[in-house]
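The values are calculated or read from the model by the stated rules, or taken from the named source; none is laboratory data. Bear in mind the structure is a predicted one, so any value in this text is a computation, not a measurement. Because the Cβ atoms are built from the backbone with ideal geometry, glycine has one as well, and the counts that use them run over all protein chains shown. Each accessible area value is taken on the protein alone, full model and side chains, heavy atoms only, with ligands, DNA and RNA left out. Shrake-Rupley method; radii C 1.70, N 1.55, O 1.52, S 1.80 Å.
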Amino acid sequence: ANERTLSIIKPDAVTKNVIGEIVARIEKTGLQVVASKMLHLSREQAEGFYAEHKERPFFADLVKFMTSGPVVVQVLEGENAIARNRELMGATNPKEAAAGTLRADYAESIDANAVHGSDSSASAEREVAYFFSADEICPRT
Ligand code: CMP
């Protein structure tokens, strides 16, 4: 089915100056960027976005990292977009990420892992709405 998913280019990748390289890799898979903006997340924004991880031991470090610098948030659209973007990203831990994936190529650690992508249709729906209003999403006509 045609799907939308939320992608975040995290502070480590923005600092490395590879926003364009990552977006090019996303576009090469055939997914379309239908919304895009740069943000420096506040603590409240990061905590709200990652609320499902609130009780996890890494939560404080995750919020600290995600607020450490600007991020690029994007909505990607296409057939099976959620799974295709996750396949492109590779495993959460770059040590386990398959060769040729974004995390294998750009991530340093499980915390500084270059990109985020929604993991299910329910989270995609929530995550897209968390950052974008309907009028900020611009599908091809
Ligand atoms: P992300 O896909 O953005 O979702 C939550 C993030 O928490 C994850 O990527 C990792 O960067 C970070 N994280 C840190 N430690 C862990 C862990 N042990 N398991 C899962 N995610 C972790």
Query raised in the report: Within region 65-89, how many residues turn out to be within 11 Å of the ligand (Cβ to nearest atom) and closer than 16 Å to residue 109 by Cβ?
Result: 3
**Report entry** Which listed residue is farther than 19 Å from residue 137 by Cβ, of a type in the set (Phe, Trp, Tyr) and in contact with an Asp or Glu (Cβ under 7 Å, 6 or more places away or on another chain), from 59, 65
**Finding:** 65
Query - Those residues of region 22-33 which are within 21 Å of residue 92 (Cα to Cα), exposed (fewer than 15 other Cβ atoms within 10 Å of the Cβ) and in contact (Cβ under 8 Å) with a residue 12 or more places away in the chain, in sequence order - result: 29
**Report entry** Filter result (open to solvent by less than 80 Å² (accessible area, probe 1.4 Å), within 12 Å of the ligand (Cβ to nearest atom) and in a helix (DSSP H, G or I)) within region 90-126
**Finding:** 94, 102, 103, 123
Query raised in the report: Restricting attention to region 127-141, which residues are charged (D, E, K, R) and either surrounded by fewer than 12 Cβ atoms within 10 Å (Cβ to Cβ) or under 13 Å from the mean Cα position of the chain (by Cα) (or both)?
Result: 127, 135, 140
Query raised in the report: From the residues in region 34-51 that are touching a residue at least 40 places away in the same chain (Cβ under 8 Å) and open to solvent by 30 Å² or more (accessible area, probe 1.4 Å), which one is nearest to the ligand (Cβ to nearest atom)?
Result: 39
